[in-house]
Amino acid sequence: MADASAGGFPDDYPTIDPTSFDVVVCGTGLPESILAAACAASGKTVLHVDPNPFYGSLFSSVPLPSLPSFLSSDSSTPGPSSSTATSSSAAASHSAVHLEHRCLYSEVETSGTVPESSSRFTVDLVGPRVLYCADEAVDLLLRSGGNNHVEFKSVEGGSLLYWDGALYPVPDSKGAIFMDGTLKPGMKTLLFSFFKLVESHIAASSSGDKEGEGEASAKISEEDLDLPFIEFLKKQRLPPKIRAVMVYAIAMADYDQDAADSSEKLLTTRDGIKSIALYLSSIKRFANAEGAFLYPMYGQGELPQAFCRFAAVKGALYVLRMPVTALLLDQEKKRYIGTRLASGQDILCQQLILDPSFKIPSLDMPSDASDSNSPRKVARGICITSSSIKKGKSSVLVVFPPKSLQEQQAAAVRVLQLSSNVAVCPPGMFMAYLSTPCTDAFIGKQCINKAIEVLFNAQGSDDSEDHLEATSENIENAKPTLIWNCVYVQEITQGTSGSVLSCPMPDENLDYRNILESTKKLFADTYPNEEFLPRNAAPKYADDDSDSAE
């Protein structure tokens with residue numbers, strides 16, 4: 001696969017041969033890389049290009065010094081090179097339509113001092129992000145053989161919930177409930193009963209039509225399954241804090257379930273139980289993984305590269321440092337039939353796949369009309385600190401439920417702390433990622449900044465006067481010192497089908513389930529008769545070990 005160690009664009013671009021492919025993919029983000037792998041596995045000829053000298057695009061993990069250039073609104077693409085005359089645009093059958101980039105990041109603010117060893121910090125553009133141990137994304141890596149190119153570590157510090165000014169450990173299993181000294185005996189009994197109810201429902205549901213009368217009675221009723229999850233939890237007599245644990249720290253709902261203003265934001269019991277089932281099965285999946293979550297060594301950018309490796313094995317051609325400047329339009333059929341590269345070379349194809357940073361020119365409306373709908377937003381934060389949020393733990397997830405930080409907080413804020421054990425920062429330092437979905441950029445950033453203020457001390461402040469109340473001996477009382485941080489807002493766009501596929505942006509979720517589902521739908525819409533990454537498509541490796549995780 002093509003590679004480069006330095007940024008910028010070359011003076012002389014390579015000539016690509018052949019000049020016609022079944023599929024041309026522009027950008028090596030996770031959705032584009034999965035689609036390239038799926039297309040290659042189904043026997044399609046694939047050209048996969050990226051303007052960067054590395055893989056990942058909007059899903060990259062980049063050195064800290066490179067972060068400002070990624071968040072900059074300047075995303076200009078070089079025009080065709082005058083030194084390469086391989087364009088076939090003279091043909092009257094098609095014309096070139098210039099491609100423009102949309103501004104994806106805004107409201108960027110940084111504070112603090114960048115550490116001297118800044119190049120040893122690797123920053124995820126999609127943080128905070130984890131994989132459930134039992135997630136389909138992990139299954140996809142196993143099916144494609146991508147697990148042979150990515151090493152994972154578990155989030156061994158578990159999860160913490162911010163409630164009434166204190167951090168509480170999340171009782172996410174029977175063992176955790178038993179060991180939690182903050183829970184009264186009566187509350188432990190209620191939680192044991194609730195988890196037993198969920199496990200009985202899952203077991204009865206998995207038996208399908210063969211269930212007996214006893215198994216059927218163990219299932220939660222259809223009436224309850226259609227209830228808002230928060231109402232079902234109230235029926236189980238769970239108090240507000242434990243309801244918050246279930247809804248925001250385990251089922252991972254984003255928006256305030258007590259004041260949801262639309263059915264889209266309201267989590268049903270059916271979906272809540274499904275998410276809890278995924279969480280519980282993740283805890284038990286890998287013998288050597290602590291907790292429900294995994295994080296890839298060296299950052300989330302390793303995941304797209306794993307699928308690119310698989311696609312390359314299946315015959316896909318990779319060319320990095322190769323921007324796309326235009327789409328080729330068939331004037332008679334009014335259909336896009338290829339791309340023009342920065343080299344000036346035209347490449348023809350049956351199907352185009354673009355990363356979401358491109359504005360796709362519409363064939364039946366003004367070029368700016370397709371962006372008339374206001375996209376969703378997510379406010380993100382990146383912090384570098386000198387110590388751990390949870391004493392003795394390298395990684396930990398923190399959840400701030402809606403309205404726990406301020407009255408205007410309409411959605412949960414999630415924080416993922418990482419350390420040198422996943423090779424993203426030097427020893428003795430920690431990285432923390434924060435995010436919250438928002439419609440108003442100002443309020444979104446305000447919530448992120450408030451969470452930073454709650455968790456960390458500004459450099460030079462008096463630690464003795466500013467402690468975060470803790471409720472467990474394993475949680476450090478003194479706040480970690482904040483060395484540097486960056487807060488910004490990112491647009492979220494959905495994938496779209498057609499003669500040009502536009503892939504989904506990194507979304508506001510903690511995991512990749514929605515992105516993967518959207519990616520699979522794009523493939524099914526384009527190739528309805530093809531299987532998506534069939535299980536037997538994975539290359540065989542002598543050291544394959546599918547049942548373990550670091």
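The values are calculated or read from the model by the stated rules, or taken from the named source; none is laboratory data. Computed from a predicted structure; not experimentally measured. Methodologically, a virtual Cβ is constructed for each residue, glycine included, from the backbone with ideal geometry; neighbour enumeration extends over all protein chains shown. Note: areas computed on protein heavy atoms with side chains; ligands, DNA, RNA excluded. Shrake-Rupley method; radii C 1.70, N 1.55, O 1.52, S 1.80 Å.
Comparison of Asn529, Asn536, Asn485 shows that the only residue that is of a type outside the set (Ser, Thr, Tyr) and either under 27 Å from Asp271 (Cα atoms) or modelled with pLDDT under 85 (or both) is Asn536. When the residues of segment 111-128 are filtered to those that are closer than 19 Å to Tyr488 by Cβ and small (Gly, Ala, Ser), the one that is surrounded by the fewest Cβ atoms within 10 Å (Cβ to Cβ) is Ser111. In this structure, is Ser73 among the hydroxyl-bearing types (Ser, Thr, Tyr), at pLDDT 50 or above, closer than 23 Å to Pro361 by Cα and exposed (fewer than 14 other Cβ atoms within 10 Å of the Cβ)? So Ser73 fits the description; yes. For segment 453-471, check the following and say yes or no: at least one residue is more than 26 Å from Tyr336 (Cα to Cα), surrounded by 19 or more Cβ atoms within 10 Å (Cβ to Cβ), at pLDDT 95 or above and out of contact with any Gly (no Cβ under 9 Å at 6 or more places or on another chain). Within segment 453-471 (the criterion being more than 26 Å from Tyr336 (Cα to Cα), surrounded by 19 or more Cβ atoms within 10 Å (Cβ to Cβ), at pLDDT 95 or above and out of contact with any Gly (no Cβ under 9 Å at 6 or more places or on another chain)), the answer is yes, since at least one residue qualifies. Within segment 345-376, restricting attention to residues that are charged (D, E, K, R) and modelled with pLDDT under 95, the residue that is surrounded by the most Cβ atoms within 10 Å (Cβ to Cβ) is Asp355.
Of the candidates Pro240, Pro228, the single residue that is over 20 Å from the mean Cα position of the chain (by Cα), open to solvent by less than 40 Å² (accessible area, probe 1.4 Å) and either among the charged types (D, E, K, R) or farther than 23 Å from Ala134 by Cβ (or both) is Pro228.
So if I check each of Ala4, Ala90, which one is at pLDDT below 85, over 23 Å from Phe307 (Cβ atoms) and exposed (fewer than 14 other Cβ atoms within 10 Å of the Cβ)? Within the list Ala4, Ala90, the selection yields Ala90. Counting only residues that are of a type in the set (Lys, Arg), touching a residue at least 12 places away in the same chain (Cβ under 8 Å) and more than 21 Å from Val155 (Cα to Cα), which one in segment 266-319 is surrounded by the most Cβ atoms within 10 Å (Cβ to Cβ)? Here the answer is Arg309.
Among the residues of segment 407-420, what is the count of those that are modelled with pLDDT under 95 and surrounded by fewer than 21 Cβ atoms within 10 Å (Cβ to Cβ)? Residues flagged as modelled with pLDDT under 95 and surrounded by fewer than 21 Cβ atoms within 10 Å (Cβ to Cβ) within segment 407-420 amount to 2. Take the conditions (1) open to solvent by 30 Å² or more (accessible area, probe 1.4 Å); (2) at pLDDT 90 or above; (3) in contact with a Ser or Thr (Cβ under 9 Å, 6 or more places away or on another chain); (4) among the β-branched types (Val, Ile, Thr); Ile250 misses just one of them, which is (1). Within segment 100-124, the set of residues being assigned to a loop (DSSP other than H, G, I, E, B) and out of contact with any Leu (no Cβ under 6 Å at 6 or more places or on another chain) comprises Arg102, Cys103, Leu104, Thr113, Val114, Pro115, Glu116, Ser117.
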